[in-house]
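Below is one structure, written out as C-alpha cells; comments come after it.
All of the numbers you see were taken from the coordinates with simple rules; none came from a lab. As the structure is a computational prediction, the values presented were derived from the model and not from experiment. Neighbour counts run over all protein chains shown; Cβ positions are idealised from the backbone, glycine included.
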Amino acid sequence: MDPKGSLFFPGQSSTIAGEVDALFYFILYLSIFFFVLVTGGSFYFAWKYRKKGKDTFTENISHHTGLEIFWTVVPTILVFIIFVWGFKTYLKMNIPPENALEIKVTAQKWFWSFAYPQGATTTNEITVPLNKPVNLLMSSQDVIHSFYIPGFRVKMDVIPNRYTTLWFQATELGEFDLFCTEYCGKGHSEMLGKVKVVSNEQYDQWLASNTGESDLPPDQWGAELYKSKACFTCHSIDGSPSVGPTFKGVFGRTEKLTDGSSYTVDENYIRKSILEPQAQVVAGFQPVMPTFQGVLKDAEIDALIAYLKTIK
Ligand code: CUA
C-alpha cells in the first residue's frame, strides 16, 4: 500500500487500488519505452539515410520478412497481456462479494444522497466501515452523473431509469474525496462529496445515532441542512446571483413568477418549492431545481423554513 500518492494518483486506499495502479504503470512505461524507440529510430534513420552527395543513392530495400514478423508478434503478445490483466481486474471490480454492505446512492443535480439499510440517510457524505466490502446501488433522478473516488480507484456512471453498481473495500481510515465526473450542468463542479472511512465500532455508533433528528434549535439545524443537503450549490445567502434565487431576505419577499403572477414568500411557498420545485418558478430563473421529496423529512423542511426566516 502506498498512502502518500504520486504524480498521477492520490494514495492507495482500497483493496483494488494497487492492481489498478500496477496496470496503469505497466501501460505507461511500455508506452514511454516504445515512444522513445519509435521517435529515436525515426530520427536515427532520417540521419543515417540522408542524402550524402549528388550521385549517392540508398539501395532500394523493399521488405524484411523476419522484421515484419517480429513487429507483428511482439505487439500482439503485449496487447494480450494488457487485455488479460485488465479483464481480470475488471471482473474483480465488477463482482461484489456476497457479504457486502449495500448502500443506495441517488444522484441528482447537484448532489449525492445515500440511504443505508437501517434507515439512515445522508447527503454528500458517505460513511463506511474499514476493511468491509461496500456495494453501492446507484441511480440518477435526472441526467447522467458519474461516481468517482480517486483514492479508491473506482468510478461508475450513474444513470436515470436503471441501476448501476460499484463496490470497494477501504483499507485506510480517514476522509476521501468523492467527485462527479460526468458533466451534468451548471453545478457539476460543485457536485462534491466526502467518503468517511471509520472503524467498525464507530460505524455502528454512527448508524445508531443517525436517526434523521437533531437536538439543535430549528434555525440552527436548518443552517446545517442548508450546507449538508447542498442547497448552497444554487442559492446564496449573501444576495449574490446563482442558479436559483438568493436566500437573502427571501422570507416575506414578493417574487414575480414565470406565469406573470406574484407571490409573497411564506412557509407554504417554501415547502411547495422544496417538494414541487417546478410549480411556482421565480421569473428569470430556469426550472432546474430537483424535488427533495423523499430526501428531506417534514421536520427538516420545518428547520429549513426557520433558517430562511433568519437570513435577512
Ligand atoms: Cu453530476 Cu457532474
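Distant-in-sequence amide contacts of residue 102, defined by a placed amide H-H separation under 5 Å and a gap of 5 or more residues or a different chain, comprise 135.
How tilted is helix 200-209 with respect to the longest principal axis of the chain? Cα atoms for both, answer in degrees (0 to 90, nearest 10). Once rounded, the angle reads 30 degrees. So how tilted is helix 17-48 from the main axis of the chain? Cα-based, degrees 0 to 90, rounded to 10. So the helix axis and the longest Cα principal axis differ by about 40 degrees. Between residue 42 and residue 69, the FRET efficiency from the beta-carbon distance, with R0 = 22 Å, is close to 0.55. Within 10 Å of each candidate Cβ there may be at most 15 other Cβ atoms; applying that plus a DSSP loop requirement, which chymotrypsin sites (Phe, Trp or Tyr not before Pro) in region 154-263 survive? Taking region 154-263 and a limit of 15 other Cβ atoms within 10 Å, the loop chymotrypsin sites (Phe, Trp or Tyr not before Pro) found are 163, 183. What is the Cα centroid distance between region 1-50 and region 162-233, reported in whole angstrom? Between the Cα centre of region 1-50 and that of region 162-233, the gap is 35 Å. To test your reading of the geometry: what angle, between 0 and 90 degrees and rounded to tens, separates the Cα axis of helix 218-228 from the longest principal axis of the chain? The angle comes out near 20 degrees. Taking other C-beta atoms within 10 angstrom as a stand-in for reagent exposure, 156, 191 fall in the order 156, 191, fewest first. Our helix-only sum for the chain, with -39,500 (n - 2.57) per DSSP H run of n ≥ 4 divided by its residues, gives a mean residue ellipticity at 222 nm of -11500 deg cm²/dmol. Each label point was placed 7 Å from the Cα along the Cα-to-Cβ direction; for residue 51 and residue 79 their separation is 3.8 nm. A DSSP coil position with no more than 16 other Cβ atoms inside 10 Å describes the following trypsin sites (Lys or Arg not before Pro) in region 243-292: 248, 253.
The DSSP beta bridges internal to region 123-209 are antiparallel in roughly 75% of cases.
Once the other residues with Cβ under 10 Å from the Cβ of residue 125 are scored (Lys, Arg +1; Asp, Glu -1), what is the net sum? Walk me through the intermediate numbers first.
Details: positive: 194, 196; negative: 175.
Summing Lys/Arg as +1 and Asp/Glu as -1 gives +1.
To check you understand DSSP bridge types, tell me what percent of the beta bridges within the chain (both residues inside) are antiparallel, rounded to 5.
Values: 32 of 46 bridges.
For the chain, the DSSP antiparallel bridge percentage is about 70.
Compute the Cα gyration tensor for region 156-247, then decide on rounded, prolate or oblate, letting a ≥ b ≥ c be the square roots of its eigenvalues: rounded whenever a/c is under 1.5, prolate when a/b is larger than b/c in the other cases, and oblate in all that remain. Before the final figure, lay out the partial values.
Working: a/c = 2.22, a/b = 1.17, b/c = 1.90.
Cα axes put region 156-247 in the oblate bin.
Take the cross-link list 194/297; 109/312; 109/309; 132/297; 88/297 and give me the ones stretching past 32 Å between alpha-carbons. Those over the limit are 88/297. Converting phi to 3J(HN,Hα) with the Karplus coefficients 6.51, -1.76 and 1.60 and the offset θ = phi - 60°, region 240-256 yields 6, x, 8, 5, x, x, 5, 8, 5, x, 5, 6, x, 6, 9, 9, 7 Hz in sequence order, with x at every glycine or proline. Relative to the Cα centre, the charge distribution of the chain, modelled as +1 at Lys and Arg Cβ and -1 at Asp and Glu Cβ, gives a dipole magnitude of about 1260 debye.
Classify the chain as rounded, prolate or oblate from the Cα gyration tensor: take a ≥ b ≥ c as the square roots of its eigenvalues, call it rounded if a/c is under 1.5, otherwise prolate when a/b beats b/c and oblate if not. Prolate, because a/c is 1.5 or more and a/b exceeds b/c. Across the chain, the longest run free of exposed loop sites, meaning GluC sites (Glu not before Pro) lying outside DSSP classes H, G, I, E and B with no more than 11 other Cβ atoms within 10 Å, spans 99-212.
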